[in-house]
1. Out of everything in segment 204-231 that is more than 22 Å from Glu101 (Cβ to Cβ) and in contact (Cβ under 8 Å) with a residue 40 or more places away in the chain, what residue ends up being surrounded by the most Cβ atoms within 10 Å (Cβ to Cβ)?
2. Take the residues in segment 232-285 that are among the hydroxyl-bearing types (Ser, Thr, Tyr), at pLDDT below 90 and assigned to a helix (DSSP H, G or I), then tell me which one is surrounded by the most Cβ atoms within 10 Å (Cβ to Cβ).
3. Let me spell it out: the conditions are (1) surrounded by 19 or more Cβ atoms within 10 Å (Cβ to Cβ); (2) farther than 21 Å from Met292 by Cα; (3) of a type outside the set (A, V, I, L, M), and Phe106 meets all of them except one. Which number is the exception?
4. Please state which one of Gly82, Gly75 is at positive phi, modelled with pLDDT of 85 or more and small (Gly, Ala, Ser).
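The values are calculated or read from the model by the stated rules, or taken from the named source; none is laboratory data. All figures in this text were calculated on a predicted structure; none of them were measured in a lab. Neighbour counts run over all protein chains shown; Cβ positions are idealised from the backbone, glycine included.
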Amino acid sequence: MNGSGTGDSGGYIRTIEWDMMNKYKFFPLSMLSSFSVRCALYPFTVIKTRIQIQRHSEIYKGTFDAFSKIFKYEGLSGLYKGFWVSAFQLVSGIFYITTYETVRHFLQQQGVRDSRIRAMAGGGCASLVGQTIIVPFDVISQHMMVLGQLERRGKTKVVVNPLRINYQGRKKPQIALDIIRTIYKMDGVRGFYRGYLASICAYVPNSALWWSFYHFYQEQLAQLSPAGTSTLLLQCVAAPLGGATTALITNPLDTVRARLQVQRMGGFGHTFGVLWGEERLGIFTKGLSPRMIQSIVFSFTIILGYESVKRFSVSDEYKEEVRW
């Protein structure tokens, strides 16, 4: 077995490394897998964002209540507001995963053997690169998510519309262009990076912890499982455990990020102070339910797709050493 892969006691490769894959297969399959997952889970992102930016529980009492109201008053399209803008995350996703795998491979070449350390460093660097690309699209899509939060008939109540966008009866591309023009007019290019520091503070630790916990749980499960247990099965169990743990730890940072980007508050510290004044300890659980659901389901589906894609993309010389 090639020494660059992480193997199990049976002599099989458990972790398929970057240099073991055919990139011409990996990149298109990875994009297709990521897009499919985002299509399925995007409504949870909309629900989480709306709960996070409201004061206390003035409109939505929880995940199911938010889903019911959005679907009732805005239809299915309400659960996919800002989706096509957010879909540009596919581009940042390629840079994200390339950075993650490259950093892991580099550290391995430098003699770092602990997979959790390599995963944490790779995840943090990958998120830094990914967020630098995606924050402008994030800002635009979040403004679209929160428009028209209640019913369209007569008593429409927009909880957050700091840009004063006229969205009634207009198509989504028109609204998106209006948001872009207004942000640029008000703040210039800087406006598209509003909340960048908050995004870095929220997503870099989130990504670093997620990959670290993923490898940690994978190793623990491998030790507890009978010989011959499917490696992909262990990975699909480890991922949701890592996702749930990470969501619980980093939820306050994600809430601050959402508030800062949508409500155009001051800096990170000021926004945290305002949130603390409003919610106190509730800041640790605000939007946690949809975020936990999203994180668990996303972690499972993205790893199922990602690890499957890696197996389909592995070079011929390693195929016999890779176990499903």
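1. Once the filter is applied, the top-ranked residue is Ser230.
2. Residue satisfying both the conditions and the ranking: Thr255.
3. (1)
4. Only one candidate passes the filter, namely Gly75.
Okay, residues lined up against (1) at pLDDT 85 or above; (2) surrounded by fewer than 20 Cβ atoms within 10 Å (Cβ to Cβ); (3) assigned to a loop (DSSP other than H, G, I, E, B):
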residue: Met1; (1), (2), (3): no, yes, yes
residue: Ser4; (1), (2), (3): no, yes, yes
residue: Ser30; (1), (2), (3): yes, no, no
residue: Val46; (1), (2), (3): yes, no, no
residue: Ile51; (1), (2), (3): no, no, no
residue: Arg55; (1), (2), (3): no, yes, yes
residue: Ile59; (1), (2), (3): no, yes, yes
residue: Phe64; (1), (2), (3): yes, yes, no
residue: Lys69; (1), (2), (3): yes, yes, no
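Here is a yes/no grid of residues against (1) farther than 14 Å from Ile117 by Cα; (2) among the β-branched types (Val, Ile, Thr); (3) in contact with a helix residue (DSSP H, G or I) (Cβ under 7 Å, 6 or more places away or on another chain):
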site	(1), (2), (3)
Leu197	yes, no, yes
Cys201	yes, no, yes
Ser207	no, no, yes
Ser225	yes, no, yes
Val237	yes, yes, yes
